[in-house]
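First up is the structure itself, then whatever we jot down about it.
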Amino acid sequence: MRRVRVRVRLFLAGALLAAASGCGLTSGSPMVDDVEPGSIGKGKPLEGAELTVTSKEFTEQLILGAIMGIAFQAAGAEVVDRTGIQGSVGSREAVVNGEADAGFEYTGTAWITYQGNSRPIPDPREQWEAVRDADVRNGVTWLEPSELNNTYALAMSQANYEKYRTRTLSEVAELARSDPGAVTLCVEGEFANRADGLPGMEKAYGMDIPARNVTQMDTGIIYTQTAKGACTYGEVFTTDGRIKSMNLVVMEDDRKFFPNYNAAPTVNTDTFEKWPAIADVLAPVTAKLNNTVAQDLNAKVDVDGEDPHQVALDWMVEEGFVKEG
């Protein structure tokens with residue numbers, strides 16, 4: 001894991017420097033995977049391109065960023081790695097401003113957080129189309145989406161499930177009303193404050209959870225604390241491999257509050273107009289991504305301790321997308 005941790009620290013440091021100076025992203029390192037075209041990249045249509053790939057800092061995004069960069073390399077591009085930017089806004093703004101050329105983004109995040117809408121669109125395709133159309137004015141091109149839907153959920157340990165027997169968020173809301181002390185939450189700081197996170201969920205389900213019952217912590221700690229029963233419910237992501245490995249029980253979002261968070265490549269429009277072959281290079285890879293694939297890849301990192309970049313490379317080779325040189 002050392003290589004990835006060093007890389008992430010460099011990128012976070014660069015993002016913090018950018019925020020302080022107003023000069024944008026300043027960090028990055030070249031991707032140097034020895035890969036050749038497999039089923040993608042034939043003819044090296046990106047030969048001569050210098051492309052910067054970005055992502056957020058959590059496991060799935062690190063893997064997706066590496067997948068994208070590996071695909072670009074196989075197609076002939078020189079790739080700069082600026083994955084691992086803390087929070088959602090940093091990587092998004094890098095693509096908008098042209099400081100990065102591309103990254104995988106989630107439709108729900110764009111619709112709610114970036115584009116300022118309060119109500120998600122229930123149909124995944126219609127949600128993607130709405131996001132795509134709205135981002136034209138921002139200079140961001142959305143490519144075809146994947147089936148991977150990394151939406152929010154609440155989960156509990158088997159022991160707490162045996163005790164409280166909730167299976168839906170409506171039942172969690174009822175428990176919060178009948179026994180307020182029983183509903184304690186472990187959540188990320190971002191989820192605690194986003195409109196598509198805890199505040200919106202409480203409003204949609206008529207919950208009123210006291211602030212003292214909500215503990216904010218890093219993502220990885222949430223899973224272990226939830227599994228231990230330190231909090232009754234933990235915020236989880238539906239594509240996370242730790243749900244299965246820790247035998248957590250996921251609450252159904254029976255009122256369909258949480259938006260669809262389908263992952264799709266986003267590309268700076270100026271870059272896309274110069275290198276339209278990006279769409280053909282990424283399309284087969286994106287089409288292969290779904291929740292099962294994501295859970296398996298994420299578990300290799302979060303459960304087995306493997307390097308996210310190596311996990312991405314192994315998958316790309318196993319699927320035949322690229323060949324190692």
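The values are calculated or read from the model by the stated rules, or taken from the named source; none is laboratory data. Given the structure is predicted, the values throughout are model-derived calculations rather than measurements. Note that we place each Cβ from the backbone using ideal geometry, even for glycine, and neighbour counts take in every protein chain shown. The area values use the complete protein model at the heavy-atom level, side chains included, leaving out ligands, DNA and RNA. Shrake-Rupley method; radii C 1.70, N 1.55, O 1.52, S 1.80 Å.
In the range 55-69, is there at least one residue being in contact (Cβ under 8 Å) with a residue 60 or more places away in the chain, within 18 Å of residue 276 (Cβ to Cβ), part of a helix (DSSP H, G or I) and not acidic (Asp, Glu)? Within the range 55-69, one or more residues are in contact (Cβ under 8 Å) with a residue 60 or more places away in the chain, within 18 Å of residue 276 (Cβ to Cβ), part of a helix (DSSP H, G or I) and not acidic (Asp, Glu). When residue 259 is tested against (1) closer than 23 Å to residue 94 by Cβ; (2) not in a loop (DSSP other than H, G, I, E, B), exactly one condition is not met: (2).
In the range 131-159, the qualifying residues are those that are open to solvent by 20 Å² or more (accessible area, probe 1.4 Å) and part of a helix (DSSP H, G or I), and the one that is nearest to residue 251 (Cα to Cα) is 158. For residue 216, the criteria (1) farther than 30 Å from residue 98 by Cβ; (2) open to solvent by less than 30 Å² (accessible area, probe 1.4 Å) hold in every case but one, which is (2). Taking the condition farther than 24 Å from residue 101 by Cβ, touching a residue at least 60 places away in the same chain (Cβ under 8 Å), in contact with a helix residue (DSSP H, G or I) (Cβ under 6 Å, 6 or more places away or on another chain) and surrounded by fewer than 17 Cβ atoms within 10 Å (Cβ to Cβ), does residue 302 pass? No.
One residue stands out among those in the range 236-256 that are farther than 15 Å from residue 302 by Cβ and assigned to a strand (DSSP E or B): the one that is least open to solvent (accessible area, probe 1.4 Å), which is 249.
Which count do you get for residues in the range 20-35 that are in contact with a helix residue (DSSP H, G or I) (Cβ under 6 Å, 6 or more places away or on another chain) and at pLDDT 95 or above? Explain how you work it out, then say what you get.
The initial filter retains those residues of the range 20-35 that are in contact with a helix residue (DSSP H, G or I) (Cβ under 6 Å, 6 or more places away or on another chain), namely 24-27, 31, 33, 35.
Within this subset, residues satisfying the condition of being at pLDDT 95 or above are 31, 33, 35.
Number satisfying all stated conditions: 3.
Among the residues examined, residue 312 qualifies as open to solvent by less than 50 Å² (accessible area, probe 1.4 Å), closer than 20 Å to residue 72 by Cα and touching a helix residue (DSSP H, G or I) at 6+ places or on another chain (Cβ under 9 Å).
The set of residues in the range 80-103 that are assigned to a strand (DSSP E or B), open to solvent by less than 10 Å² (accessible area, probe 1.4 Å) and not acidic (Asp, Glu) comprises 83, 84, 85, 102, 103. Take the residues of the range 136-189 that are in contact with a strand residue (DSSP E or B) (Cβ under 6 Å, 6 or more places away or on another chain) and among the small types (Gly, Ala, Ser): which is farthest from residue 96 (Cα to Cα)? Within the range 136-189, the match that is farthest from residue 96 (Cα to Cα) is 155. If we scan the range 104-125, do we find a residue that is open to solvent by 30 Å² or more (accessible area, probe 1.4 Å), of a type in the set (A, V, I, L, M, F, W, C) and farther than 21 Å from residue 237 by Cβ? So far as the range 104-125 goes, no, none of its residues is open to solvent by 30 Å² or more (accessible area, probe 1.4 Å), of a type in the set (A, V, I, L, M, F, W, C) and farther than 21 Å from residue 237 by Cβ. All conditions in (1) open to solvent by less than 10 Å² (accessible area, probe 1.4 Å); (2) at pLDDT 95 or above hold for residue 259, with the sole exception of (2). Among all residues of the range 288-298, there is at least one that is open to solvent by less than 10 Å² (accessible area, probe 1.4 Å), within 30 Å of residue 136 (Cβ to Cβ) and among the small types (Gly, Ala, Ser). Among the residues examined, residue 59 qualifies as of a type in the set (S, T, N, Q) and either on the phi > 0 side of the Ramachandran plot or open to solvent by 20 Å² or more (accessible area, probe 1.4 Å) (or both). Test residue 321 against the criterion of being under 26 Å from residue 185 (Cα atoms), in contact (Cβ under 8 Å) with a residue 40 or more places away in the chain and open to solvent by less than 30 Å² (accessible area, probe 1.4 Å), and give yes or no. Taking the combined requirement at face value, the residue does not satisfy it.
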